[in-house]
1. Which ordering of A:SER287, B:SER171, A:SER183 is given by a fewest-first count of other beta-carbon atoms within 10 Å?
2. Select from B:SER214, B:SER329, B:SER276 the residue whose mean-square fluctuation is largest in a Gaussian network model of chain B (Cα-Cα springs shorter than 10 Å).
3. Once phi is turned into θ = phi - 60°, what whole-Hz ³J(HN,Hα) does the Karplus curve with 6.51, -1.76 and 1.60 give for every residue of the stretch B:123-129, x standing for Gly and Pro?
4. So, with +1 on the Cβ of K and R and -1 on the Cβ of D and E, and no other charges, what is the size of the charge dipole of chain A about its Cα centre, to the nearest 20 debye?
5. Can you list, shortest first and in nm, the gaps between the label point of A:ASN26 and those of its counterparts in the other copies, using a point 7 Å from Cα in the C-beta direction?
6. Sum up the charges of everything whose Cβ sits under 15 Å from the Cβ of B:LYS30, counting Lys and Arg as +1 and Asp and Glu as -1, but leave B:LYS30 out.
7. Once the piece of chain linking B:GLN231 and B:SER111 is laid out straight, how much longer is it, given 0.36 nm per residue of separation minus the C-alpha distance between them?
8. Estimate the FRET efficiency between B:GLN334 and A:ASP221 by the formula 1/(1 + (r/R0)^6), using the beta-carbon distance for r and 35 Å for R0, to the nearest 0.05.
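No lab work stands behind these numbers, since they all come straight from the coordinates. Everything numeric in this text was worked out from a predicted model, so none of it was measured. Positions of Cβ are backbone-derived with ideal geometry, glycine not excepted, and every protein chain shown enters the neighbour counts.
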There are 2 protein chains.
Amino acid sequence: MKKKTLIRDIAQHLDVSIATVSLVLNGKAKENRISDALAEKVLTYVEEVGYKPNQLAKSLRTGKTHVIGLIVEDIANSFFATVAGLIEKKALERGYRIIYCSTNNDTAKTSDLLTMFQERHVDGYVVAPPNGVEEEIGALVRNGKPVVLFDRLLPGVLANAVVVDGAAGTSQATRHLLSQGFSSVAFVTINSGQTQMLGRRQGYAQAMREYGLSELVLEVDFLLEREQMIQRIHEFLRANPLCDAILFSTNYLSVYGLEAISRLGLRIPEDIAIVSFDDSDLFRLYSPTITVIAQPMEVMADNIIGTLLTALEGGDEKGRTTQVQLPPSLLIRQSSIRRVH
Amino acid sequence: MKKKTLIRDIAQHLDVSIATVSLVLNGKAKENRISDALAEKVLTYVEEVGYKPNQLAKSLRTGKTHVIGLIVEDIANSFFATVAGLIEKKALERGYRIIYCSTNNDTAKTSDLLTMFQERHVDGYVVAPPNGVEEEIGALVRNGKPVVLFDRLLPGVLANAVVVDGAAGTSQATRHLLSQGFSSVAFVTINSGQTQMLGRRQGYAQAMREYGLSELVLEVDFLLEREQMIQRIHEFLRANPLCDAILFSTNYLSVYGLEAISRLGLRIPEDIAIVSFDDSDLFRLYSPTITVIAQPMEVMADNIIGTLLTALEGGDEKGRTTQVQLPPSLLIRQSSIRRVH
DNA sequence: ATGAAAGCGCTAACAG
DNA sequence: CTGTTAGCGCTTTCAT
């Protein structure tokens, strides 16, 4: 076990003071009028012995950890995994590390996570919040902590946020289905009450209203297990034989829906047309290919990191809140195209 | 901005010493013969004001951070995302947090990541290492840091590891294809040189040898972009029209393969049979459903965390290395079943 | 049973 | 231009 080199060791070796070394290392040589020659000498030696300051001590002293806490709904979900991957990459480029955790939409767990992040003194928070953490997030924001919400908003909390205009996406998708001649378009969603889900539902409702049609909505309980969700959709399809198109509010519901449809032996799009929220390999490659409302993940990640870093580094812009709403894009594929027999 | 409560504050308020509070908080009241009554009083007050010790200070003092560094190849890949999710969950249950990063198989990036983790004093490491970090990982192990490798081994490095017997998986899959009557089974893999890939290839080679058949292997350069990989597979299929079955060594190659097959207008399994490594929604739902060699992810995660915690907490078992090799399971679906016309 | 005090390693204000 | 020094908040030994 090799002995850790300390700042003291390097100061001793070079016969200068600890302060000098610290100043040089933190780029404050100039403003403290330390000679270039000396600064150079310090840097060279530090490099030579591979000295790395103890970040814990540094953080304890400065109060900055250069760690960002990232809270997503489920890291195993392709949407969140992709966004998390992009955020990680971009944060790393700017010198920040990520600690992430999944909430699984569990309010209590999220609360705990938020507490942990505070204990660990993360510099900033990126959160896709479940309902019920308005208090905690609100407190964070009030205390001036850099926070960026994404994917969904928290009613009653004014915080930085990067979301997608789900209503625009679903209304466009619904109109697309109706214009293809499908007449009974159902909307399958989750009863989580989260803002992005409400928005998506509103977009559907509005388009149906425009066409003078009544809504046909299945709301699945978000606490159900996979198999139970498939069952619900299965039952719904059997109970509504006239339904000839379904718009799913989120990626995993579509996956369950495909499963249910396949069990019923229905053909897509002949018997039933499909549109999903979120794109993925599965939807691109499924046979038939699935029409989706795709979220601009790269742009989202850029905005999230951009907003967070501004809050993190631009201490002057106090009390300024940035909210960004990005447009999704409808990628029309085979699953929603009317086939003439 | 509410003032942070310190241990000093609570000691002052209760009119006891800081040490007493600290001892009680760390469950060392008994062994220091602190009266139950006092201990109780401290706990109650701490609870009341919601005091949380500063983890940075604590870590600086104790040298433990209760953070595990997790390095995967790509968090956006469903295999790694799922394993990461499971590891996170299990670690959390045991009081550990996860910092994760993706390597994208970049040796230099991984080196940096490892350095960062050391600077941040993570308590343990879980790594799916790219080749080229044998030095760094070896140094970690020699210095007694708890390390668990997974998915692949590092040649020449004796470290704890949890891997899957890929050779068993691919040989079984190859035999399955051959016994179905497919005669020209190709193996599509990546030239990364990683042990898991070598193992998978060996399993294929062995099964082919058993049947007295010669190998047909496509090795795609692991640095290529998605579209280029698809192109390679596309070319390969055109150049080998007699090939009637393909075994893909990893999930994303299969996805690219499906893309290439679909562009060529080939039917599965009539024109070409398919088996993939790794299971996913896509393979379960694809039409036809895709036969896969599934890795036992839950068991892997259990073993990884179990091994790491043993190394972390059982300081006595010095120098003990645990290597676990888990069996995969062949899930036979439609894509590899011979259809009689 | 309890308190005083010595650090963990680093930063930065201040005094030369 | 450089050195001294006072902490950041906590743990833990040792003396009482």
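1. Numbers: A:SER287 15, B:SER171 21, A:SER183 12.
Ascending Cβ contact count within 10 Å gives the list A:SER183, A:SER287, B:SER171.
2. Looking only at B:SER214, B:SER329, B:SER276, the biggest GNM fluctuation is shown by B:SER214.
3. 6, x, 10, 10, 9, 9, x
4. Numbers: 36 positive and 39 negative charges, 144 e Å.
Dipole of chain A, to the nearest 20 debye: 700 debye.
5. Output for A:ASN26: 2.8 nm, nearest copy listed first.
6. Working: positive: B:LYS28, B:ARG33; negative: B:GLU31, B:ASP36, B:GLU40.
Net charge in that neighbourhood comes out at -1.
7. Numbers: separation 120, 0.36 × 120 = 43.20 nm, distance 3.17 nm.
Result: 40.0 nm gained on full extension.
8. Rounded to the nearest 0.05, the efficiency is 0.60.
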